[in-house]
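Working notes for the structure below.
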Amino acid sequence: MQREIEPRRSLSDFLREDLGLTGTHVGCEHGVCGACTVLVDGWSARACLLLAVQCEGAAVTTIEGLTPAEGLSPLQEAFRACHGLQCGFCTPGMIVLAHELLALNPAPTTEQIREALAANLCMCTGYVTIVRAVARAAAARA
Amino acid sequence: MTWVGRAVPLKEDARLVAGRGRFLDDLVPGRMLHVAMLRSPHAHARIVSLDASAAAALPGVAAVLTGREAATRSRPIRPLIPTPVPIDDWCLAVDRARFVGEPVAAVAAVDRATAEDALELIRVEWEPLDAAVDAEAGVRGEAPLLYPALGTNVLWHDTLTYGDVDGAFARADGVLEERFELSRYASTPLETFGCIAAWDAGTDAYAFWTNDQRPGLTMAILAESLGVPQARIRLACPDIGGGFGNKRRPAYLLVCALLARRTGRAVKFVEDRRENLSALMQAAGGVMDLSLAYRRDGTLLGLSIRDVTDEGKNLISPAQHNLIKLGNIANGYRIPAIRYAAWSVLTNKCPSGANRGIGKPFMCFAIERALALLARRLALDPAELRRRNYVSAGEMPYATPTGATYDSGDYHATLQAALERFDYDGRRHEQARGRAAGRLLGIGIATSVEPAGTNLASYEIITGRRAASGSAEAAMVRIEPDGQVRAAVGDPPSGQGYETVVSQIVADELGLAPDQVEVARGFDSSTTPWLYLSGNYSNKFSVTDTGAIVGAARRVRDKLLRIAAHRLEADAADLELRDGAVAVRGMPARALTLKELARTAYADVLGLPPGEEPGLEARHAHQNPLARPMDAARRVPSQLVFANAAHCCLVEVDRGTGGVTILAYVVVHDCGRELNPLIVEGMVHGSTAHGIGAALLEAFRYDERGQLLTSTFMDYLKPTALDVPDIEVGRLEHPSPFTPFGAKGVGEGGAIPGPAAVANAVEDALAPYGVTVRALPITPEQIWRWLTT
């Protein structure tokens, strides 16, 4: 798509406010919490730390882009089956992060899962069921 | 077979994993304006002058609101617990700012960036004042006064005595004395606080959307401060991205309401993270001096606590931390004599307030640390010392000295189960081997009671009079004209899965499956039944909400049976409700579906029994029976139904870095009957992670001038997936006799004993160095100092 935007508009504001893609959440606006994690050309990135104009010509994938038109993806199903969430605010960012991990490493160890997920914060789950969900999704692929 | 008690996957998870939740910031009314707030850079300063004319003239700015204007257009905010001398506290600071981050002016503009640009054009002349940062200086009367009219920074002080404390200390073989300190910290829900206000000129009515956790109380404050009846206020909560008690700030709703009225447009404010960390809500810090009288065999005889609570600028619920500490002062132990001397002290810091466990984490930290130290002094195993003092299962229901009722549970069994699951003896051997090899391994045990429900009558201890009391919630169940079932409860969830649990409860009552019950998302004051007491706080779902839902569902069920009995010409006692129909028992052909019965109730009303009211909707409110008024001895339950838990953990301290790694963590808990084990287990994990954060990482640090040094997630550290171990959970189920399903609260969970468990383990690991842990968090820097001096 093509849009004319203010140079100072962040990617997260552009996605949420200009495109109405509200699945990408904003938790800290300084790049720590990872709630706004999206894929830019396949790599996870903080949408709050990117200016939208920096993404000119790039492929940006949000949680909406990882959700099938009908039903849920296997990764999303695993999060639901393991209750790998509570309030759901970190969840889209966590799923984007886990999607990247499984693309790079289809059979991660628990330690590798924890290391990857440590990029984002969750205030509800203590991460235990998120780790389980990612492991379950990986096992289902194998 | 019933649905309640089963690990039903969550309804709400299906939308949340797809990013289809609807959170406050996702809502965008037409022509909406965005608010940014100018905040005090000083901990304590007089506002000599404030000129917002240039900001108001900036293109894109619709309105500017200053503290002075707010004070003329609204009334002060009514506190939940009144101060001894009434203090006017408006939604913006008027003449003086009293903490770093306190808002003094607000701008509404076409977008947030423009509003923030306008803030830079507001000229404020500040006269900085000395800041009160030390609560103990406030007790001594040596701190600068926040409110000179009050004449002191001490909002409340009292000494409460239960039993023969002097006698207990006189008879004791020994007394353990220790001082403990807790930093301020917060649960920091990932979604920050936010609100939208709109005003309708034609009816002088306000509409609010907000992630406020306690809408019943907030409705009262909004009506009083805006000077409009509650009937002309509508307040709705969408999905809430975590709460933990933090999500409340009526002042922000008022700022938006005044700007909405001024501009005639909807106005939104959403905190950024710095605003959230510096100005929303922090758990009160403070200092506690503890004296514990004991017999040589470890029997506890008496407890005396001197507690100085650092409230910050808390005019909303001062002394609430103290009250809740008092209610949990003896933890799960039989301590016959208790003295509690407490000071609730204003300082120039962020307001303290509700935060997962409010007061209980500190209380539990002090008691469980004291027991660890006493075990060491008496050369007793810490588990054995606890066993010698627990209230036993045979004593339930047990009346505590301060007026609470421990309703059920077997604390011995909980501890035993945790020790077995942890392999306590095996781990002790592992520790001994590790120590011999030079490793710093430590084992920590902490156990706790965890109450649910708040009895507002307990505020009488502080205020000397009763303004509100009890613990209650309201709900409704309705079968729509098409036969579909809908339910709503006045408690907006913030991640606890109520849509699912409510559907489980209603499904059982009406003979359906949970998927056949629609549960309203969030809260809407115009459609949800609610009380002043309504809200998402104090672990109250299991002790009040469940009763409201069951009561409403049973009324609808009874009515269905009456209508069916009339139409089937049968006795209601011979009917059964299952699989979406009412049938004569043993005669499945003689049945009417809910759809057919709904048609009678709403459309074909001449088919109703004589005198039966049309419609299929019922409301019910439930109050928990354990709430009582204060008695003459000032005994009163501040909270009602008590779960319990035992935590065991193994940690290793790195000699080189002072870092702590948690190698194993076991929780065994007993929250009575579990309504949905999937949700309960998640609560236990998450709350324990909060305890670990408070123990090792999280602290709001203020310097001597009251500047907040940790206002971003770069320096206010939260635990990540590498800090929280794979917490292993076991459970016992001793149902409460005082709740509809025997369920108890579990939301505060590990946030209460977690800090003590980790601290006990770290101290045990550092035993070769003779270290005593007196304060949290235990940072690598602190450990490194211990190891090198």
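The values are calculated or read from the model by the stated rules, or taken from the named source; none is laboratory data. Bear in mind that the values here come from a model prediction, so they are computed numbers and not experimental data. All Cβ positions, glycine included, derive from the backbone under ideal geometry; neighbour counts span all protein chains shown.
Looking at the structure I just gave you, is B:LEU380 surrounded by fewer than 22 Cβ atoms within 10 Å (Cβ to Cβ) and in a loop (DSSP other than H, G, I, E, B)? Yes: the conditions hold for B:LEU380.
Scan the stretch B:153-170 and tell me whether some residue there is farther than 29 Å from B:TYR537 by Cβ and surrounded by 19 or more Cβ atoms within 10 Å (Cβ to Cβ). First the steps, then the outcome.
As a first pass, look at the stretch B:153-170 and keep what is farther than 29 Å from B:TYR537 by Cβ: B:161, B:163-170.
Filter again for surrounded by 19 or more Cβ atoms within 10 Å (Cβ to Cβ), leaving B:165, B:168.
Scanning the stretch B:153-170, I find at least one residue that is farther than 29 Å from B:TYR537 by Cβ and surrounded by 19 or more Cβ atoms within 10 Å (Cβ to Cβ), so the answer is yes.
When you scan the stretch B:20-27, do you find a residue that is under 30 Å from B:GLY682 (Cβ atoms) and without any contact (Cβ under 8 Å) to a residue 60 or more places away in the chain, even just one? Yes, that holds for at least one residue.
Taking the residues in the stretch B:384-402 that are part of a helix (DSSP H, G or I) and crowded, with 20+ Cβ neighbours inside 10 Å as candidates, determine which candidate is farthest from the chain's Cα centre (by Cα).
Step one: of the stretch B:384-402, the residues part of a helix (DSSP H, G or I) are B:384-387, B:393-395.
Imposing the further condition that a residue be crowded, with 20+ Cβ neighbours inside 10 Å reduces the set to B:385-386.
Values: B:LEU385: 31, B:ARG386: 27 Å.
Going through the qualifying residues, I end up with B:LEU385.
Of the residues making up the stretch B:574-592, those that are more than 15 Å from B:ILE563 (Cα to Cα) and either part of a strand (DSSP E or B) or free of Cβ contacts under 8 Å to residues at least 40 places away in the same chain (or both) are B:ARG578, B:ARG585, B:GLY586, B:MET587, B:PRO588, B:ALA589.
Considering the stretch A:110-137, and only residues there that are under 16 Å from A:SER73 (Cα atoms) and surrounded by 24 or more Cβ atoms within 10 Å (Cβ to Cβ), the residue that is nearest to the other protein chains (Cβ to nearest Cβ) turns out to be A:ILE130. Is it the case, given these coordinates, that B:ASP310 is among the acidic types (Asp, Glu), surrounded by 24 or more Cβ atoms within 10 Å (Cβ to Cβ) and either in contact (Cβ under 8 Å) with a residue 12 or more places away in the chain or in a helix (DSSP H, G or I) (or both)? Considered against the rule, which asks whether it is among the acidic types (Asp, Glu), surrounded by 24 or more Cβ atoms within 10 Å (Cβ to Cβ) and either in contact (Cβ under 8 Å) with a residue 12 or more places away in the chain or in a helix (DSSP H, G or I) (or both), B:ASP310 comes out as yes. Do we find a residue being within 23 Å of the chain's Cα centre (by Cα) and either of a type in the set (Ser, Thr, Tyr) or assigned to a helix (DSSP H, G or I) (or both) anywhere in the stretch B:726-737? Checked the stretch B:726-737: at least one residue is within 23 Å of the chain's Cα centre (by Cα) and either of a type in the set (Ser, Thr, Tyr) or assigned to a helix (DSSP H, G or I) (or both). Would you be able to say whether some residue in the stretch B:673-693 is touching a Cys at 6+ places or on another chain (Cβ under 9 Å) and among the charged types (D, E, K, R)? Within the stretch B:673-693, none of the residues are touching a Cys at 6+ places or on another chain (Cβ under 9 Å) and among the charged types (D, E, K, R).
Within the stretch B:481-498, the set of residues being in contact with a helix residue (DSSP H, G or I) (Cβ under 7 Å, 6 or more places away or on another chain) and surrounded by fewer than 23 Cβ atoms within 10 Å (Cβ to Cβ) comprises B:PRO481, B:ASP482, B:GLY483.
You will find that of B:GLU420, B:GLU430, B:GLU395, B:GLU480, the residue that is within 15 Å of B:HIS669 (Cβ to Cβ) and at pLDDT 95 or above is B:GLU420 and no other. Consider the stretch B:698-715 and keep the residues that are of a type in the set (D, E, K, R) and surrounded by fewer than 23 Cβ atoms within 10 Å (Cβ to Cβ). The one that is farthest from the other protein chains (Cβ to nearest Cβ) is B:GLU704.
When the stretch B:87-117 is filtered for residues that are in contact with a strand residue (DSSP E or B) (Cβ under 7 Å, 6 or more places away or on another chain) and under 19 Å from B:ALA132 (Cα atoms), the ones remaining, listed by number, are B:ALA93, B:ASP95, B:ARG96, B:ALA97, B:PHE99, B:VAL100, B:GLY101, B:GLU102, B:PRO103.
The residue of the stretch A:23-44 that is farthest from A:CYS122 (Cα to Cα), among those that are surrounded by fewer than 23 Cβ atoms within 10 Å (Cβ to Cβ) and touching a Phe, Trp or Tyr at 6+ places or on another chain (Cβ under 8 Å), is A:HIS30. Being closer than 20 Å to B:ALA186 by Cβ, at the interface with chain A (Cβ under 8 Å from one of its Cβ atoms) and buried (at least 24 other Cβ atoms within 10 Å of the Cβ), is that true of even one residue in the stretch B:722-734? Scanning the stretch B:722-734, I find at least one residue that is closer than 20 Å to B:ALA186 by Cβ, at the interface with chain A (Cβ under 8 Å from one of its Cβ atoms) and buried (at least 24 other Cβ atoms within 10 Å of the Cβ), so the answer is yes.
A quick yes/no check of all residues on (1) within 14 Å of chain A (Cβ to nearest Cβ); (2) in contact with a Leu (Cβ under 9 Å, 6 or more places away or on another chain); (3) charged (D, E, K, R):
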{"site": "B:THR661", "(1), (2), (3)": "yes, no, no"}
{"site": "B:TYR665", "(1), (2), (3)": "yes, yes, no"}
{"site": "B:ASP670", "(1), (2), (3)": "no, yes, yes"}
{"site": "B:LEU678", "(1), (2), (3)": "yes, yes, no"}
{"site": "B:ILE692", "(1), (2), (3)": "yes, no, no"}
{"site": "B:LEU696", "(1), (2), (3)": "yes, yes, no"}
{"site": "B:LEU717", "(1), (2), (3)": "yes, yes, no"}
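In the stretch A:113-137, what residues are part of a helix (DSSP H, G or I) and not basic (Lys, Arg)? Full working, then the answer.
Just the residues of the stretch A:113-137 that are part of a helix (DSSP H, G or I), to begin with: A:113-117, A:128-137.
Hits for the stretch A:113-137 are A:ILE113, A:GLU115, A:ALA116, A:LEU117, A:VAL128, A:THR129, A:ILE130, A:VAL131, A:ALA133, A:VAL134, A:ALA135, A:ALA137.
Please go through the stretch A:53-67 and pick out each residue that is farther than 16 Å from A:TRP43 by Cβ, more than 9 Å from chain B (Cβ to nearest Cβ) and assigned to a loop (DSSP other than H, G, I, E, B). Of everything in the stretch A:53-67, just one residue is farther than 16 Å from A:TRP43 by Cβ, more than 9 Å from chain B (Cβ to nearest Cβ) and assigned to a loop (DSSP other than H, G, I, E, B), namely A:GLU56. Could you check how many residues of the stretch A:6-22 are over 17 Å from the mean Cα position of the chain (by Cα), exposed (fewer than 15 other Cβ atoms within 10 Å of the Cβ) and either at pLDDT 95 or above or not basic (Lys, Arg) (or both)? Here the count works out to 3. Checked against the criterion of being in a helix (DSSP H, G or I), touching a Lys or Arg at 6+ places or on another chain (Cβ under 6 Å) and either modelled with pLDDT of 95 or more or surrounded by fewer than 24 Cβ atoms within 10 Å (Cβ to Cβ) (or both), the candidates A:ALA98, A:ALA78 yield just one match: A:ALA78. Taking the criterion of being within 13 Å of chain B (Cβ to nearest Cβ), in contact (Cβ under 8 Å) with a residue 40 or more places away in the chain and farther than 16 Å from A:ALA138 by Cβ, would at least one residue in the stretch A:43-51 satisfy it? Checked against the condition, which is being within 13 Å of chain B (Cβ to nearest Cβ), in contact (Cβ under 8 Å) with a residue 40 or more places away in the chain and farther than 16 Å from A:ALA138 by Cβ, the stretch A:43-51 yields at least one hit.
Only one entry of A:ALA107, A:ALA140 meets the criterion of being assigned to a loop (DSSP other than H, G, I, E, B), among the hydrophobic types (A, V, I, L, M, F, W, C) and more than 7 Å from chain B (Cβ to nearest Cβ), and that entry is A:ALA107. Every condition in (1) within 11 Å of chain B (Cβ to nearest Cβ); (2) within 23 Å of B:LEU27 (Cβ to Cβ); (3) in contact with a Leu (Cβ under 6 Å, 6 or more places away or on another chain) holds for A:THR37 except the one numbered (1). The single condition among (1) β-branched (Val, Ile, Thr); (2) more than 17 Å from B:GLU311 (Cβ to Cβ); (3) part of a loop (DSSP other than H, G, I, E, B) that B:ILE338 does not meet is (3). Quick check, is B:ALA354 in contact (Cβ under 8 Å) with a residue 60 or more places away in the chain, in a loop (DSSP other than H, G, I, E, B) and not β-branched (Val, Ile, Thr)? For B:ALA354, the condition - in contact (Cβ under 8 Å) with a residue 60 or more places away in the chain, in a loop (DSSP other than H, G, I, E, B) and not β-branched (Val, Ile, Thr) - is met. Put simply, of B:ALA172, B:ALA137, B:ALA113 the only residue that is out of contact with any helix residue (DSSP H, G or I) (no Cβ under 6 Å at 6 or more places or on another chain), without any contact (Cβ under 8 Å) to a residue 24 or more places away in the chain and over 30 Å from B:ARG73 (Cα atoms) is B:ALA137.
Check whether at least one residue in the stretch A:97-110 is of a type in the set (Val, Ile, Thr), within 20 Å of A:ALA139 (Cβ to Cβ) and either in contact (Cβ under 8 Å) with a residue 12 or more places away in the chain or in contact with a Gly (Cβ under 9 Å, 6 or more places away or on another chain) (or both), and report yes or no.
First pass over the stretch A:97-110, keeping only residues of a type in the set (Val, Ile, Thr): A:109-110.
So of that shortlist, the ones also within 20 Å of A:ALA139 (Cβ to Cβ) come out as A:109-110.
Those left that are additionally either in contact (Cβ under 8 Å) with a residue 12 or more places away in the chain or in contact with a Gly (Cβ under 9 Å, 6 or more places away or on another chain) (or both): A:110.
Checking the stretch A:97-110: at least one residue is of a type in the set (Val, Ile, Thr), within 20 Å of A:ALA139 (Cβ to Cβ) and either in contact (Cβ under 8 Å) with a residue 12 or more places away in the chain or in contact with a Gly (Cβ under 9 Å, 6 or more places away or on another chain) (or both).
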